[in-house]
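The values are calculated or read from the model by the stated rules, or taken from the named source; none is laboratory data. Keep in mind the model is a prediction, meaning the values are calculated, not measured. So basically every Cβ, Gly included, is an ideal-geometry build from the backbone, and we count neighbours across all protein chains shown.
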Amino acid sequence: MRAAVVTADGHLAVEEVPGPEPGTDDVLVRVAACGICGSDLHMLSAGLIPPGAVMGHEPSGVVEAVGTDASGVCVGDAVAIHPMQPCGTCDACTSGATQRCLMMGQTCLGLGTRPGAYAEYVTVPASEVHRLPEGFPVELGALAEPLAVALHGLRRSRLEPGMTVGVIGCGPIGLCAVVAANALGAGEIWACDPNEFRAELAAAAGASRTSPSPLDADIVVEAAGAQGTVDLAVNATRGGGQVVLLAVNLAGDSVWPFVWVTKEVEIVPALAYTRAEYGEAAEMIASGAVDVAPLVTRRVLLEETDQAFTDLLSGSPDGKVLVTP
């Protein structure tokens, strides 16, 4: 099969690689779409993905084959794919915090150990796929993963219906935070991004106000991951409010303690999502409870994946970019 493979110089090149074979509990999925995630961009540019690896952890597709012991799914089913396979035995898993599973780095699709979905096919356990309705746009199942990230962050906060939510950074995760905040009953939602196109995407996603600079909110979601944006979020949060950290700045960042302390703002870190939250996100999309279609701004072929990475790392103002093998 064809796949976008990490090269020795840190790029992506399409190569012919052996096709995956499903195990007895697995399904073989023909990939319809796989989203490009900010973590993909940062990990590849930082040299954290080994040469020869196939990346991609936000896939959806159609089941092509089913293992002999797999259940709950049939050939021809359209599915969204939960990319992690929690071990089920570590302390994190047994407490329900599957997002902190000690084996996540080895079991998550596309992080260097387990082949990902920038490819024509991928195999996953049948337990990790979520069926989509017949006739539903299969590619939108790829948005379940970033929506689950946003859901997890807001679930960790004290969000109550009617509260004001701010979102700093209107990339895919920030846009999903707008969608999720609406779904969870937030009142006014403002979105902050210096790029006018992304601000317009946030309005299409449901933001009631957009601004190039932060406003005042009960809960502020930091989804930019840029230098200084945590401080922006703290300043934009009302006294006693919360900042939810969804983005990761690998270069590091800092917060001026005086404002943080005097406003008694809580910093709430959020890593990925639980298996249950991924299922919730997939169901919200499949049922039509949320509309993520406006978040998709570009579709690229496998051969165009490397250029898409270059564009996004250079600041291309896209929403969600989907690789469509």
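Just one of Val323, Val261 is of a type in the set (Val, Ile, Thr) and either under 16 Å from the mean Cα position of the chain (by Cα) or surrounded by 16 or more Cβ atoms within 10 Å (Cβ to Cβ) (or both); which is it?
Sole residue among the options that is of a type in the set (Val, Ile, Thr) and either under 16 Å from the mean Cα position of the chain (by Cα) or surrounded by 16 or more Cβ atoms within 10 Å (Cβ to Cβ) (or both): Val323.
Looking at the range 267-315, which of the residues that are under 17 Å from the mean Cα position of the chain (by Cα) and assigned to a loop (DSSP other than H, G, I, E, B) is surrounded by the most Cβ atoms within 10 Å (Cβ to Cβ)?
Tyr273
When only residues in the range 188-202 that are among the hydrophobic types (A, V, I, L, M, F, W, C) and out of contact with any helix residue (DSSP H, G or I) (no Cβ under 7 Å at 6 or more places or on another chain) count, which is nearest to Arg298 (Cα to Cα)? Please lay out each step first, then the result.
Here is the first cut: in the range 188-202, the residues among the hydrophobic types (A, V, I, L, M, F, W, C) are 189-192, 197, 199, 201-202.
Now drop any that are not out of contact with any helix residue (DSSP H, G or I) (no Cβ under 7 Å at 6 or more places or on another chain), which leaves 190, 192, 197, 199.
Values: Trp190: 24, Cys192: 22, Phe197: 13, Ala199: 17 Å.
The selected residue is Phe197.
Might you let me know whether the range 30-51 holds any residue that is in contact with a strand residue (DSSP E or B) (Cβ under 9 Å, 6 or more places away or on another chain), farther than 20 Å from Arg131 by Cβ, exposed (fewer than 14 other Cβ atoms within 10 Å of the Cβ) and of a type outside the set (A, V, I, L, M, F, W, C)?
Yes, the conditions are met somewhere in the range 30-51.
Looking at Leu295, Leu271, Leu302 in this structure, which one is closer than 25 Å to Met84 by Cα, in contact (Cβ under 8 Å) with a residue 12 or more places away in the chain and touching a Gly at 6+ places or on another chain (Cβ under 7 Å)? Talk me through it step by step, then tell me what you get.
Details: Leu271 fails: touching a Gly at 6+ places or on another chain (Cβ under 7 Å); Leu302 fails: touching a Gly at 6+ places or on another chain (Cβ under 7 Å).
The conditions single out Leu295.
Mind counting the residues in the range 95-119 that are modelled with pLDDT of 90 or more and either out of contact with any helix residue (DSSP H, G or I) (no Cβ under 8 Å at 6 or more places or on another chain) or in the same structural domain as Gly174 (by TED's automatic domain parsing) (or both)?
Within the range 95-119, residues that are modelled with pLDDT of 90 or more and either out of contact with any helix residue (DSSP H, G or I) (no Cβ under 8 Å at 6 or more places or on another chain) or in the same structural domain as Gly174 (by TED's automatic domain parsing) (or both) number 4.
If you go through the range 158-167 one residue at a time, do you hit one that is within 30 Å of Val73 (Cα to Cα) and touching a residue at least 40 places away in the same chain (Cβ under 8 Å)?
Looking for residues that are within 30 Å of Val73 (Cα to Cα) and touching a residue at least 40 places away in the same chain (Cβ under 8 Å), one finds none in the range 158-167, hence no.
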